[in-house]
1. For region 44-79, give me the residue count where each residue is more than 18 Å from Val4 (Cβ to Cβ), at pLDDT 95 or above and not acidic (Asp, Glu).
2. Cβ-Cβ below 7 Å, separation at least six or inter-chain, first residue in region 88-102 and closer than 13 Å to His56 by Cβ and modelled with pLDDT under 80, second part of a loop (DSSP other than H, G, I, E, B) and not acidic (Asp, Glu): which pairs?
3. State whether the residues of region 7-16 include one that is loosely packed, with under 12 Cβ neighbours inside 10 Å and of a type in the set (Lys, Arg).
4. Restricting the search to region 41-64, which residues are touching a residue at least 12 places away in the same chain (Cβ under 8 Å), of a type outside the set (A, V, I, L, M) and over 24 Å from Pro12 (Cβ atoms)?
5. May I ask you to list the residues in region 39-75 that are under 18 Å from Glu27 (Cβ atoms) and aliphatic (A, V, I, L, M)?
Amino acid sequence: MRRVMVRYRVKPGKAEENERFVRNVYEELAQLQPDGFHYGTFKLDDGVTFVHLATHEADGNPLGQVAAFARFQENLRDRCDEPPVVSELEEVGSFRLAGVLS
């Protein structure tokens, strides 16, 4: 199982645009229903920092086949003040995180 966190900060005035792209990804995921994939996006209280958490089997991330995700990534760096940083997560402990980081 692979656990990944991506964190980035968008430019002032770009948060709503970013949220629209993110919602489109979730709409497509709801249609595709990829097995063994859990994904969540969160906006921090500063209103411009986003955190994406994903778990999937080690053999592949289904986001690569989501057209809305490709559109989300197209101009992401232009929307960002702080570019995306991808971090692998190693679970130390958890409580009732099933479906979030399972």
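1. Residues of region 44-79 that are more than 18 Å from Val4 (Cβ to Cβ), as a first pass: 45-48, 67-68, 71, 74-75, 77-79.
From the residues that got through so far, the ones that are at pLDDT 95 or above too are 45-48, 67-68, 71, 74, 78-79.
Keeping just the survivors that are not acidic (Asp, Glu) gives 47-48, 67-68, 71, 79.
Looking only at that region, the number is 6.
2. Partner pairs satisfying both residue conditions: Leu101/Ser94.
3. Keep residues of region 7-16 that are loosely packed, with under 12 Cβ neighbours inside 10 Å, which gives 12-13, 16.
Subsequent filtering for residues that are of a type in the set (Lys, Arg) retains none.
Checking region 7-16: not a single residue is loosely packed, with under 12 Cβ neighbours inside 10 Å and of a type in the set (Lys, Arg).
4. Passing the criteria: Thr55, His56, Glu57, Asn61, Pro62.
5. Ala54, Leu63, Val66, Ala67, Ala68, Ala70, listed by residue number.
The values are calculated or read from the model by the stated rules, or taken from the named source; none is laboratory data. This one's a predicted model, so the numbers in the text were calculated from it and none came from an experiment. In this analysis, Cβ positions are derived from the backbone assuming ideal geometry, glycine residues included, and neighbour counts consider all displayed protein chains.
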